[in-house]
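K.L.:
Mind having a look at this structure? Questions to follow.
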Amino acid sequence: MTIDRLLHVVHRRWRSLFRRSRVEAELAEELDNHVQHLTDELRAGGLDTGRARTEALRRFGGVERHKEACRDARGLNRLDHLWRDLRHAWRSLLARPGFTLVAGTTLALGIGATTAMFTVVEHILLRPLGYREADRLVVLQYERMNTVAAGNFLDFQKEARSFAGMGAAEWWSPNVGGGDAAEEIQGLRLTAGIFPLLGVAPLLGRTFTADETHAGAEHVVVLSHQLWQTRFGGDSTVVGRTISMDGAPFTIIGVMPRGFGFAPYWATGARLWAPLVLDARAADRTGASLRVFARLGDGVSLEAARREVAAIAARLEQAWPGTNRGGTVVPLKELVVGDVRDALQVLFAAVTLVLLIACANVAHLQLLRAAAREREFALRGALGASRSRLLQQSLVESFLLALIGAAGGLFVAWGGLRLLLRLAPGRLPRIDSLSLDLPALGFVLLAALGATIVSGLVPALAASRADLHGVLKEGGRGNSEAPGRRRLRALLVVSEFALALMLLIGAGLVLRSFDARRRLDPGFRPDGVFSAVINLRGSAHQPGERREQFFHDLQQSAGALPGVQGVSMINHLPLHGDSWRLSFVIEGRPLAEPGDGPSAYFRVVMPDYFGTMGIPVLSGRDLTEDDRRSGNQVVIINQSMAERHWPGQNPLGARISVGALATGADWYTVVGVVRDARQTGWTGPVLEEMYFPWLPPAAPGARGGETLAASLHPGTMTLVLRSTRPTAELLREVRGLVTALDRDVSVSDVLTLRDAVDEQFAGPRFQLSLLGGFALLALVLAAVGIYGVMSYTVMRRAQEIGVRLALGAAGGDAVRLVVGQGMRLALAGSAIGLGGSLLLSRYLRSLLFGVGPTDPFTFLGVPLLLAAVALVALAIPARRAARVNPLTALRSD
């Protein structure tokens, strides 16, 4: 069809639809002209006017027939029929408010829940990151480590040809002054290439240049939109102002736009960015602290970039053994959504099953309604209505019902998103941008169309096949029903139970997994422990020789607070803080090849840390105040480290040297073994760990070189207090103590150890809440489905049941008849659901812990639960069957 022809057709349809009276008048005039022309010809042949007119109408074949043909050609009849069907469907739904309310609510729940989960999936998994051509952004890292040393990054930047740009970022959390007290703010230090890489222009000012990333350059900083609003009140003249960070002046040169965040998967709370200076670190091959980001060059594939990076890493590994193993390239989007992709896909699949169950329930209601209207459809068919017209009317009614469900589904989705925001763990990426937007509205319409097809097509086909002869014949026999329709309803109930069982088994597996997590022992007593990060950077106590006195005074003052049962400090709080790993050698054992030697996580603690945390000392002794004052080179190891490196031996008195292949410059004596405590994750294996005392800078173990150096006297420590007092009171008093010692020292990241433990359950709890909610909804819908079908069966078979009772059957026989038929449907659905669960449960593997995807307890318990629910749902129809009055049932015919 040509464009001209298409435009002509569209114009004609438009006039026919919206200027109908004028089109009808023109059509009548045109046809009358044809008749008049024929009449004139007949009059010219000798007929009088009356006979000529009559003969002309006979030859023309009927004006109304030609009008219908013209309307069909213009598509007007189809539109007219559709409009009539819509009005009829609307009146029909209003005439049966109970049916409309139940069916509309069922669809609203299914469509609304599915729309809410689709919105989550679309925002997190499908929507591009907020950077220019975000699908071309990648991260360079190693297979076993996410960070890169400065020297290695500079070599990658110089040698790689697969990238249009490359930059690095490093964690930074400066103390920002200017208020009543110092405030620690999360930020990043970036190389100059990062902002051009991302392709996002600042809202105000500019980003930093390459010249500002070298030593000696002026300190500059770029603010996030949030920090600009909260700390500077959105002042448009903020560019050029100076703020104090870590005791140094920084000039504000730019403000990023609203919604900008970097990096999107790590340091997601960063609110400011400053230049990263690497001049003095160009030779560093072991201090891996950088995250490296790059943009693929035009025409460069991900695999080609991976091959090049692997080749460069291999050359660097040869030059500096143990520093560049397994270099690879990972898409940035994969790192952002990788941890939640499987969970969201499983949850979306689960809620889709709920929608299918809802559609099956509505289809069952539609079948019941179609059975009640089969005489009406049969009569319409006998009067000339085609099957396509009857099918269209039924589908239009189903679509209108689905639109009602979709309208209610929007409210359900809106409420569901509010609930999701409350339940969602803080680590769920991009959760703040959730909203019902155009993609969500489009999905609602698609869901309504899908619900129309799934829930309305089968009932519509059944209704359109209504036959007057068959209906009258069946009506003469009483309340019997066509076998095909009974099988359809049975199939719907079986499918509901199968889908519900699959959801319940999935929820059961996740519940069992959650319980297994809860039963894990963290190795410490979290209840009653308060923590806060104390940051000395930029204060008068930042110099190493003054840190000792500050932390000592703070520990003594905090210990004297009312109700405090224990107080200490650690550099990184378990389950919440960072994790640093160091290689070590054991005295008397041969040195390993670079990169192959043993390593362990290390912590720096103050005296009484293990007592405050409730971590038992299994052998040896605790660290003491004398170790700190005298600079004793001692170390405490955890149980896993002792068992791995001294199996069947007593490690007390053994000596280790820590650092990059240390050769014995500084030896640390093992003086104690403590119970394993979960530090880096809740469900992973407990790894080897070393605890060192906080040593003054002048202590022998803090001399520098390739040992612990400044790490043994960090300027940032986490205060831990054991007390039964409220957190708010402790925080207020701790802030007062810190301010009294030095107002430039910040107190941040305040939480209880119970909060840190609960953070580990946020993701699993979110998954369990949603999957459990979907499963419960599916269970209710399945129970309603089997209740409905058996109630209708009892009603249709009331005469048969009455005859049985009249012939001597007991009420219990009627009960067994109904319960037996219903349980056969439930068991058939359960059998199919078990098979489907066995096939699909492997996709749940990534969500499970401590339980297999074919857990026997779950696969046996859930069908029993479903059977019990089915029995409860069958109780009322069975009781109704037992109470059928034979005389009333026989007389009703």
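K.L.:
Would you mind stating whether ALA182 is crowded, with 21+ Cβ neighbours inside 10 Å and among the small types (Gly, Ala, Ser)?
P.N.:
Values: crowded, with 21+ Cβ neighbours inside 10 Å: yes; among the small types (Gly, Ala, Ser): yes.
Yes; evaluated as a whole, the condition is true for this residue.
K.L.:
Can I ask one more? What pairs come up if the first residue lies in segment 399-427 and is closer than 17 Å to ALA108 by Cβ, the second is of a type in the set (Ser, Thr, Tyr) and buried (at least 18 other Cβ atoms within 10 Å of the Cβ), and their beta carbons are under 6 Å apart, counting only those six or more places apart or on different chains?
P.N.:
Note: pairs meeting the criteria are PHE399/THR452; ALA402/THR452; GLY409/THR115; ALA413/THR115.
K.L.:
Another question, then. Taking into account only those residues within segment 519-548 that are at pLDDT below 90, closer than 15 Å to ASP744 by Cβ and outside any loop (DSSP other than H, G, I, E, B), which is most open to solvent (accessible area, probe 1.4 Å)?
P.N.:
Restricting to residues being at pLDDT below 90, closer than 15 Å to ASP744 by Cβ and outside any loop (DSSP other than H, G, I, E, B), the top hit is ARG546.
K.L.:
Something else: Going residue by residue through segment 727-735, is there one that turns out to be open to solvent by 30 Å² or more (accessible area, probe 1.4 Å), in contact with a Leu (Cβ under 6 Å, 6 or more places away or on another chain) and either in contact (Cβ under 8 Å) with a residue 12 or more places away in the chain or assigned to a helix (DSSP H, G or I) (or both)?
P.N.:
Taking segment 727-735 as the starting set, the residues that turn out to be open to solvent by 30 Å² or more (accessible area, probe 1.4 Å) are 727-729, 731-733, 735.
Pick out the ones that are also in contact with a Leu (Cβ under 6 Å, 6 or more places away or on another chain) and you get 733.
When the remaining residues are screened for being either in contact (Cβ under 8 Å) with a residue 12 or more places away in the chain or assigned to a helix (DSSP H, G or I) (or both), the result is 733.
Yes: segment 727-735 contains one or more residues that are open to solvent by 30 Å² or more (accessible area, probe 1.4 Å), in contact with a Leu (Cβ under 6 Å, 6 or more places away or on another chain) and either in contact (Cβ under 8 Å) with a residue 12 or more places away in the chain or assigned to a helix (DSSP H, G or I) (or both).
K.L.:
Still on this model: GLN556 is checked against (1) in contact with a strand residue (DSSP E or B) (Cβ under 7 Å, 6 or more places away or on another chain); (2) within 20 Å of TYR609 (Cα to Cα) and fails just one. What number does that condition carry?
P.N.:
Only one criterion is unmet by GLN556, namely (1).
K.L.:
With of a type in the set (A, V, I, L, M, F, W, C), touching a Pro at 6+ places or on another chain (Cβ under 6 Å) and either open to solvent by 70 Å² or more (accessible area, probe 1.4 Å) or at pLDDT 90 or above (or both) as the only criterion, which of ALA134, ALA116, ALA44 stands out? Don't jump to the end; show me each part of the working.
P.N.:
On the way: ALA116 fails: touching a Pro at 6+ places or on another chain (Cβ under 6 Å); ALA44 fails: touching a Pro at 6+ places or on another chain (Cβ under 6 Å).
Unique residue meeting the criteria: ALA134.
K.L.:
Go through segment 745-779 and give me each residue that's among the small types (Gly, Ala, Ser) and open to solvent by 20 Å² or more (accessible area, probe 1.4 Å).
P.N.:
So in segment 745-779, the residues among the small types (Gly, Ala, Ser) come out as 746, 748, 756, 762-763, 769, 772-773, 775, 778.
Scanning segment 745-779 gives ALA762, SER769, GLY772, GLY773.
K.L.:
Give the residues of segment 394-406 that are within 18 Å of LEU355 (Cα to Cα) and open to solvent by less than 50 Å² (accessible area, probe 1.4 Å), sorted by residue number. It would help to see each step written out before you state the result.
P.N.:
As a first pass, look at segment 394-406 and keep what is within 18 Å of LEU355 (Cα to Cα): 398-406.
Of everything in segment 394-406, those that are within 18 Å of LEU355 (Cα to Cα) and open to solvent by less than 50 Å² (accessible area, probe 1.4 Å) turn out to be SER398, LEU400, LEU401, ALA402, GLY405, ALA406.
K.L.:
Does any residue of segment 735-747 turn out to be within 22 Å of ASP527 (Cβ to Cβ) and among the charged types (D, E, K, R)?
P.N.:
no
K.L.:
When you check PHE208 against the structure, is it open to solvent by less than 20 Å² (accessible area, probe 1.4 Å), under 12 Å from PHE250 (Cβ atoms) and not in a strand (DSSP E or B), yes or no? Walk me through how you get there before you give the answer.
P.N.:
On the way: open to solvent by less than 20 Å² (accessible area, probe 1.4 Å): yes; under 12 Å from PHE250 (Cβ atoms): yes; not in a strand (DSSP E or B): yes.
Yes; evaluated as a whole, the condition is true for this residue.
K.L.:
Would you say GLY167 is in contact with a Ser or Thr (Cβ under 9 Å, 6 or more places away or on another chain), within 30 Å of ARG258 (Cβ to Cβ) and part of a loop (DSSP other than H, G, I, E, B)? If you could, list the steps in order and put the result at the bottom.
P.N.:
On the way: in contact with a Ser or Thr (Cβ under 9 Å, 6 or more places away or on another chain): yes; within 30 Å of ARG258 (Cβ to Cβ): yes; part of a loop (DSSP other than H, G, I, E, B): no.
Judged against the criteria, GLY167 is not a match.
K.L.:
Here is a follow-up. Just to check your reading of the model, which residue among ARG84, ARG127 is at pLDDT 80 or above and open to solvent by 10 Å² or more (accessible area, probe 1.4 Å)? Before you say what the answer is, go through the steps one by one.
P.N.:
Details: ARG84 fails: at pLDDT 80 or above.
From the options ARG84, ARG127, the qualifying one is ARG127.
K.L.:
Answer yes or no: is there a residue in segment 567-575 that is in a strand (DSSP E or B) and under 22 Å from TRP171 (Cβ atoms). Walk me through how you get there before you give the answer.
P.N.:
Here is the first cut: in segment 567-575, the ones in a strand (DSSP E or B) are 567-570.
Retained after the next criterion (residues that are under 22 Å from TRP171 (Cβ atoms)): 569-570.
Yes, that holds for at least one residue.
K.L.:
Then there's this: Looking at LEU107, LEU101, which is the one that is among the aliphatic types (A, V, I, L, M), free of Cβ contacts under 8 Å to residues at least 60 places away in the same chain and part of a helix (DSSP H, G or I)? Give the derivation first.
P.N.:
Values: LEU107 fails: free of Cβ contacts under 8 Å to residues at least 60 places away in the same chain.
That would be LEU101, the only listed residue that is among the aliphatic types (A, V, I, L, M), free of Cβ contacts under 8 Å to residues at least 60 places away in the same chain and part of a helix (DSSP H, G or I).
K.L.:
Could you tell me which residue of segment 137-148 is least open to solvent (accessible area, probe 1.4 Å), considering only residues that are part of a loop (DSSP other than H, G, I, E, B) and under 12 Å from ARG291 (Cβ atoms)?
P.N.:
Here is the first cut: in segment 137-148, the ones part of a loop (DSSP other than H, G, I, E, B) are 143-147.
Checking which are under 12 Å from ARG291 (Cβ atoms) leaves us with 145-147.
Details: MET145: 83, ASN146: 74, THR147: 25 Å².
Top of the filtered list is THR147.
K.L.:
Something else about it: Against the condition among the polar types (S, T, N, Q) and at pLDDT below 70, how does GLN799 come out, does it pass? Explain how you work it out, then say what you get.
P.N.:
Numbers: among the polar types (S, T, N, Q): yes; at pLDDT below 70: yes.
Spelling it out, GLN799 is indeed among the polar types (S, T, N, Q) and at pLDDT below 70.
K.L.:
Let me ask something else. Going residue by residue through segment 432-451, is there one that turns out to be at pLDDT below 85, assigned to a helix (DSSP H, G or I), hydrophobic (A, V, I, L, M, F, W, C) and closer than 24 Å to LEU107 by Cβ?
P.N.:
Within segment 432-451, one or more residues are at pLDDT below 85, assigned to a helix (DSSP H, G or I), hydrophobic (A, V, I, L, M, F, W, C) and closer than 24 Å to LEU107 by Cβ.
K.L.:
Quick check: is even one residue across segment 236-254 part of a strand (DSSP E or B), in contact (Cβ under 8 Å) with a residue 40 or more places away in the chain, within 19 Å of GLY199 (Cβ to Cβ) and in contact with a helix residue (DSSP H, G or I) (Cβ under 6 Å, 6 or more places away or on another chain)? Write out each step before concluding.
P.N.:
In the first step, residues of segment 236-254 are kept if they are part of a strand (DSSP E or B); the result is 242-245, 248-254.
Applying the additional criterion that residues be in contact (Cβ under 8 Å) with a residue 40 or more places away in the chain yields 243-245, 248, 252-254.
Now restrict to residues that are within 19 Å of GLY199 (Cβ to Cβ): 253-254.
Filter once more, so that each one left must be in contact with a helix residue (DSSP H, G or I) (Cβ under 6 Å, 6 or more places away or on another chain): none.
Within segment 236-254, not a single residue is part of a strand (DSSP E or B), in contact (Cβ under 8 Å) with a residue 40 or more places away in the chain, within 19 Å of GLY199 (Cβ to Cβ) and in contact with a helix residue (DSSP H, G or I) (Cβ under 6 Å, 6 or more places away or on another chain).
K.L.:
Looking at LEU834, LEU866, LEU827, LEU871, can you tell me which residue is surrounded by 22 or more Cβ atoms within 10 Å (Cβ to Cβ), touching a helix residue (DSSP H, G or I) at 6+ places or on another chain (Cβ under 8 Å) and part of a helix (DSSP H, G or I)?
P.N.:
Numbers: LEU834 fails: surrounded by 22 or more Cβ atoms within 10 Å (Cβ to Cβ); LEU827 fails: surrounded by 22 or more Cβ atoms within 10 Å (Cβ to Cβ); LEU871 fails: surrounded by 22 or more Cβ atoms within 10 Å (Cβ to Cβ).
Among LEU834, LEU866, LEU827, LEU871, only LEU866 is surrounded by 22 or more Cβ atoms within 10 Å (Cβ to Cβ), touching a helix residue (DSSP H, G or I) at 6+ places or on another chain (Cβ under 8 Å) and part of a helix (DSSP H, G or I).
K.L.:
Determine whether segment 185-197 contains at least one residue that is open to solvent by less than 50 Å² (accessible area, probe 1.4 Å) and within 16 Å of ILE243 (Cβ to Cβ).
P.N.:
Within segment 185-197, the first condition is being open to solvent by less than 50 Å² (accessible area, probe 1.4 Å), and the residues that meet it are 185, 187-188, 190-195, 197.
Imposing the further condition that a residue be within 16 Å of ILE243 (Cβ to Cβ) reduces the set to 185, 187.
Checked against the condition, which is being open to solvent by less than 50 Å² (accessible area, probe 1.4 Å) and within 16 Å of ILE243 (Cβ to Cβ), segment 185-197 yields at least one hit.
K.L.:
So, one more: Of all residues being in contact with a Ser or Thr (Cβ under 8 Å, 6 or more places away or on another chain) and polar (S, T, N, Q) in segment 275-304, which is least open to solvent (accessible area, probe 1.4 Å)? Just the residue, please.
P.N.:
For segment 275-304, the residue satisfying everything is SER289.
The values are calculated or read from the model by the stated rules, or taken from the named source; none is laboratory data. Please read all numbers here as calculations on a predicted model, not as lab measurements. Note: ideal-geometry Cβ built from the backbone for every residue, glycine included; neighbour counts use all protein chains shown. Each accessible area value is taken on the protein alone, full model and side chains, heavy atoms only, with ligands, DNA and RNA left out. Shrake-Rupley method; radii C 1.70, N 1.55, O 1.52, S 1.80 Å.
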